[in-house]
1. Taking a point 7 angstrom from the Cα of residue 45 along the C-beta vector, which residues in segment 60-78 have backbone N less than 11 Å away?
2. Is the shape of the chain rounded, prolate or oblate, going by the alpha carbon gyration tensor and its root eigenvalues a ≥ b ≥ c, with a/c under 1.5 for rounded and a/b larger than b/c for prolate?
3. Just need the relative contact order of the chain here, percent rounded to a whole number, with Cα pairs under 8 Å and 6+ apart.
4. Tell me the label-point distance for the pair residue 56, residue 107, using the 7 Å Cα-to-Cβ offset, in nm and rounded to one decimal.
5. Can you sort 94, 28, 41 so the residue with the fewest Cβ neighbours within 10 Å comes first?
6. For the residues 141, 49, 27, what sequence is obtained by ranking on other C-beta atoms within 10 Å, fewest first?
7. Over segment 20-101, what relative contact order in percent results from Cα pairs under 8 Å that are six or more residues apart?
8. Using only Cα atoms, find the angle between the long axis of helix 2-18 and the longest principal axis of the chain, and express it within 0 to 90 degrees, rounded to the nearest 10.
Ligand SMILES: [Zn+2]
């Protein structure tokens, strides 16, 4: 009896080894949720890249016939910050992981790079209205002009005349 169970167990574990699954998903731009083509996708198992692919023109990626298991997913696009998604549990069948990219900028803290917290005012972007102009005249806000990217600085140090 013991032997039968042993054989049965071996058979079952072999079965689960043989199970394959697909991992797929949709990568979207964070701003407007539009498709993100050309992002390099790396599938990692035990910290090693085992497969890679690229999102197509519709922002879709797919890894097919991968063994059931736990994976990490790494997204890389040009000079953008990499995105890591860890501990993806892929069971049999199809696993869907949609990704919004890139991650939002981390707002800078109200501390001057020269390490003081006084004389720091917020930066206001865009065409200033009358109120904003008054505040700027009083030195309470700094006019930053048009916003260039999502990662524009949020603070201005009056002492050192720098934005951060
Ligand atoms: Zn400063």
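Please treat every number below as a calculation from the coordinates, not as lab data. Since the structure is predicted, the reported quantities are computational estimates derived from the model, not experimental observations. We place every Cβ from the backbone using ideal geometry, glycine too, and count neighbours over all the protein chains shown.
1. 65-72
2. Taking the square roots of the gyration eigenvalues as a ≥ b ≥ c, the chain is prolate.
3. 19
4. With each label placed 7 Å out from Cα toward Cβ, I get 4.0 nm.
5. 94, 28, 41
6. In order of increasing Cβ crowding within 10 Å: 49, 141, 27.
7. Value for segment 20-101: 41 percent.
8. Orientation of helix 2-18: about 40 degrees from the principal axis.
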